[in-house]
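Here the structure comes first, spelled out in structure tokens, and everything after it is commentary.
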Amino acid sequence: MPQKIFLIAAARPNFMKVAPLWRAMAARPETLKPVLIHTGQHYDKNMSDVFFEDLGLPAPDVHLGVGGGSHAQQTAGVMLKFEELCLAEKPDLVLVVGDVNATMATSVTAAKLHIPVAHVEAGLRSRDMTMPEEINRLMTDAIADLLFTPSADADENLRNEGVAEARIKLVGNIMIDSLVRSVAKARDLSAYTDLGLESGKFGVVTLHRPANVDDPENLTRILDVLTAVDLPLVFPVHPRTRAVMVHHDLGARCGLVDSRVILADPLGYYEFMNLVIHSGMMLTDSGGLQEETTYLDIPCLTLRPNTERPITITQGTNELATIESLPGQIDTILKGGWKKSRVPELWDGATAPRIVAVIEEFLSA
Ligand code: UD1
């Protein structure tokens, strides 16, 4: 009898991490039966469905339909529905990825039902407790049985927290599995030429962290920096950011219409990666994009005071930025003076099979 593995997907950055795991498990039908659970945290077509199509994921086996809301509403809503599901379906293991609210909600629920939990992307730490993701990471890592880490710095963080060596498994970066599989196809699409852009001669912007976008005055200051850049910038706007921009009429207030900033709706995986691959720089506050640009050797400015992914700075193309430091850093990139990246060890597209091998061994013990 194959063992039943619940794979939890909730929000946009989860889908490209779950896809290679689902595929690697589906290829082992004699030992594993992956069951895809979508909690519903992200629900717009272009924040969710398009990723299932692009990444070759089947429709979720179960959709919990929890949707948005406050952190407590999201977390409690997922826990209530997920507990019922676990009691009815009795999975042999629950696998969670990343650091979103559902990562923590489902791992706590499973652990209390004595169902083993595996956390992929374990051990990352920003040391910034104002970030909801840091709380999710700490709580998930405290209770997961298997901690799959992307890099040695994450192992070190876990060791410093007293985590037993046997729980820590350095397997590499799961997100890079999806990127390696997609990069050739994404490169050949025409998303950037359709916007009238030339390869290497534009930047890509993403912003959605509460600390950057929730306060309209702060967001205005960021948009003012963007409109002053002497380069076209494509900015696919996250729903959270769009809500603030629309409510406070920031498009008009910041003169975006007359600027070189091209506003777009959120894009699918392939279209977005086409823009990133052909861009000359990335300006972001995302976690995953720091890693993807390091892999692709694209200069990256991360508009945050800290990062849980320091290897993207020490080995990659990433640097932290403030609103004040951005213009100077952008200028350095435009003058061709940016550092080159060295792809971190085990960011090789083969992380999913390594994880599956460990899970098979764990479940057969
Ligand atoms: C969440 C994650 C964050 C991740 C980000 C990627 C947590 C704590 N945060 O933040 O780590 O980097 O996803 O996007 O889990 N909304 C829509 N349509 C959607 C999705 C969201 O309109 O498809 C709206 C929500 O209703 C909400 C806002 O956007 O008003 C924010 O969504 P939410 O999922 O709460 O947080 P994110 O900022 O997306």
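The values are calculated or read from the model by the stated rules, or taken from the named source; none is laboratory data. In this text, all values refer to a predicted model and were calculated from it rather than measured experimentally. Reconstructed Cβ throughout: ideal geometry from the backbone, glycine too, with neighbour counts over all protein chains shown. With ligands, DNA and RNA removed, areas are computed over all heavy atoms of the protein, side chains included. Shrake-Rupley method; radii C 1.70, N 1.55, O 1.52, S 1.80 Å.
Go through region 196-234 and give me each residue that's over 20 Å from the mean Cα position of the chain (by Cα) and among the acidic types (D, E).
Kept after step one, since they are over 20 Å from the mean Cα position of the chain (by Cα), are these residues of region 196-234: 196-202, 215-233.
Residues satisfying the conditions are E198, D215, E217, D224, D230.
Between M282, M245, the distinction of being touching a helix residue (DSSP H, G or I) at 6+ places or on another chain (Cβ under 7 Å), under 23 Å from A186 (Cβ atoms) and not in a loop (DSSP other than H, G, I, E, B) belongs to M282 only. Taking Y270 as the residue in question, decide whether it is part of a helix (DSSP H, G or I), open to solvent by 20 Å² or more (accessible area, probe 1.4 Å), under 17 Å from G316 (Cβ atoms) and touching a residue at least 40 places away in the same chain (Cβ under 8 Å). No, not satisfied. In region 23-50, the residues that are farther than 19 Å from V100 by Cα reach residues that are more than 10 Å from the ligand (Cβ to nearest atom) and among the small types (G, A, S) with C-beta atoms within less than 6 angstrom, at least six apart or across chains, in these pairs: A24/A352; P34/A26; V50/G268.
Residues that are open to solvent by 60 Å² or more (accessible area, probe 1.4 Å) and under 19 Å from I115 (Cα atoms) within region 132-144 comprise M139, A142, I143, listed in sequence order.
N318 fails exactly one of the following numbered conditions: (1) buried (at least 22 other Cβ atoms within 10 Å of the Cβ); (2) closer than 17 Å to M16 by Cα; (3) among the polar types (S, T, N, Q). What is the number of that condition? With respect to (1) buried (at least 22 other Cβ atoms within 10 Å of the Cβ); (2) closer than 17 Å to M16 by Cα; (3) among the polar types (S, T, N, Q), N318 is out only on (2). Looking only at residues in region 199-237 that are in a loop (DSSP other than H, G, I, E, B) and in contact with a Ser or Thr (Cβ under 7 Å, 6 or more places away or on another chain), the one that is most open to solvent (accessible area, probe 1.4 Å) is H208. If you filter region 287-298 down to residues that are open to solvent by less than 20 Å² (accessible area, probe 1.4 Å) and not in a helix (DSSP H, G or I), you find that the one that is farthest from the ligand (Cβ to nearest atom) is I298.
Within region 183-195, track down each residue that is touching a helix residue (DSSP H, G or I) at 6+ places or on another chain (Cβ under 6 Å) and part of a helix (DSSP H, G or I).
Passing the criteria: A186, R187, A191, Y192.
Restricting to region 239-263, name every residue that is among the hydrophobic types (A, V, I, L, M, F, W, C), within 16 Å of the ligand (Cβ to nearest atom) and open to solvent by 30 Å² or more (accessible area, probe 1.4 Å). Across region 239-263, the qualifying residues are A243, V246.
It is to be established whether one or more residues within region 159-171 are within 16 Å of the ligand (Cβ to nearest atom), open to solvent by less than 20 Å² (accessible area, probe 1.4 Å) and assigned to a loop (DSSP other than H, G, I, E, B).
The answer is no; no qualifying residue exists.
Looking across region 92-109 at every residue that is in contact with a Pro (Cβ under 9 Å, 6 or more places away or on another chain) and closer than 17 Å to L32 by Cβ, the one that is nearest to the ligand (Cβ to nearest atom) is identified as V97.
Rundown of residues vs (1) buried (at least 20 other Cβ atoms within 10 Å of the Cβ); (2) away from the ligand (no atom under 11 Å from the Cβ), yes/no style:
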residue	(1), (2)
N46	no, no
D49	no, no
D61	no, yes
L64	yes, yes
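Could you list, in sequence order, all residues of region 110-126 that are over 18 Å from the mean Cα position of the chain (by Cα) and open to solvent by 10 Å² or more (accessible area, probe 1.4 Å)?
Going residue by residue through region 110-126, those that are over 18 Å from the mean Cα position of the chain (by Cα) are 110-117.
Within region 110-126, A111, K112, L113, H114, I115, P116 qualify.
Among all residues of region 75-92, there is at least one that is open to solvent by 20 Å² or more (accessible area, probe 1.4 Å), at pLDDT 95 or above, in contact with a Lys or Arg (Cβ under 6 Å, 6 or more places away or on another chain) and acidic (D, E).
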